[in-house]
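Once you've had a glance at the structure underneath, I'll fire off some questions.
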Amino acid sequence: MDRAHLADFLRTRRAALQPEDVGIRPGRNRRTPGLRREEVSRLADLSVDYYARLEQPKGPRPSEQALAALARGLRLTLEERDHLFRLGGYLPPAEGPLGDHVNPGMMRVFAGLHDSAALVVNHRAETLLQTDLAIALLGDDSRHSGLDRSLYHRWFTDLSVRAKYLSADHAERSRTLVAHLHQAWLRDGEHSRTDEIVESLLDRSPEFARLWATHPVPAPSCVMERFRHPEVGELELHCQTLLDPDQSQSLLVYTANPGTESAEKLRLLEVVGPQFA
């Protein structure tokens, strides 16, 4: 670990970020350029004291999880993230949970959607980021681990996941999810994490095995999704998608037609908050 250079790298990247880059209103009386330490610690979900000691540099060697969180909080590029890991004494992350790095452009768009039901997912349907409203609508996906990080896996192995959607839509949603997983599997091939998801589902879910054998192809359109929420009841929402093909990630934003009952219920969920998580 190179403590001095790690500290200097963190300071320079913090100074380079402006509040508006991360969805923070700059306000007045900001005496220093860039973000404050407490703002970076909040973005990375680390304590202010812990982050301050990394910059001094006095703190302990950060874990890989802490470095990955700092890379997201500081909106680092993939190359900058790898450099940060090397300064911390680690090899850059390979494919896996720590390798799910969201690029700065996607992070900037996501930061501007803090009042919306928005989330960033990878091509395995593993959630990387969620707004509070998305958690209130869909639940907190950060609590899942292993193969259950993937919605594809949870849909066919955990009946509680289906309870969030109208039962009349379950069959079509199953087909759609299998089609997208098949596309991801063709890209990643055998012996990948995607292949582990497929093999697990073939072993555990007859429904999945039957659909997988049909080789379904994803439809090009974004259909209306109908949810059943325990607090506000049924909602009909459009899912708009922004795709980052370089990193196989998508930004999903759920919206309701203005003036509808679903729009009112979505606003109510902002008040209810992420209690459904």
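Counting residues in the range 177-243 as N, plug N into 2.2 N^0.38 Å and put the Cα Rg over that result.
Compactness ratio reported: 1.38.
Add -39500 (n - 2.57) for each DSSP H run of 4 or more in the chain, then divide by its residues: what number comes out at 222 nm, to the nearest 500 deg cm²/dmol?
-13000 deg cm²/dmol
While we're here: Could you order peptides 159-171, 129-141 by the average number of other Cβ atoms within 10 Å of their residues, highest first?
Answer by packing, highest mean first, reads 129-141, 159-171.
Then there's this: Around ARG204, under 14 Å between beta carbons, what's the net of Lys plus Arg minus Asp minus Glu among the other residues?
-4
Could you give the semi-axes, largest first, of the ellipsoid that matches the chain, computed as the square roots of 5 times the alpha carbon gyration tensor eigenvalues and rounded to whole Å?
Details: eigenvalues 251, 120, 44 Å².
Here the semi-axes work out to 35, 24, 15 Å.
Report the relative contact order of the chain, percent, no decimals, based on alpha-carbon pairs under 8 angstrom and at least 6 residues apart.
Numbers: 393 pairs, mean separation 46.2, N = 277.
This gives 17 percent for the chain.
Where a ≥ b ≥ c are the square roots of the eigenvalues of the C-alpha gyration tensor, would you call the range 1-136 rounded, which needs a/c under 1.5, or, failing that, prolate if a/b is larger than b/c, or oblate?
oblate
Something else now. Can you check what the net charge comes to around ARG37, using other residues whose Cβ is under 15 Å from the Cβ of ARG37 (Lys, Arg +1; Asp, Glu -1)?
Within the 15 Å Cβ shell, the charges total +3.
Follow-up question, since we're still on this one. Could you check the simple spin-label distance between ALA209 and GLU270, using points 7 Å along Cα→Cβ, in nm with one decimal?
In this crude spin-label approximation the distance works out to 4.8 nm.
Under a crude label model (7 Å from the Cα following the beta-carbon direction), how far is LYS58 from ARG37 in nanometres?
Placing both labels 7 Å along Cα→Cβ, they lie 0.9 nm apart.
Shifting gears a bit: Just how far, in whole angstrom, is the range 190-248 from the range 1-64 if you go by their alpha carbon centroids?
Rounded to whole Å, the Cα centres lie 37 Å apart.
Each value in this text was obtained by applying a stated rule to the coordinates, not by laboratory testing. Every value quoted in this text rests on a predicted model; they were computed, and no experiment measured them. So basically every Cβ, Gly included, is an ideal-geometry build from the backbone, and we count neighbours across all protein chains shown.
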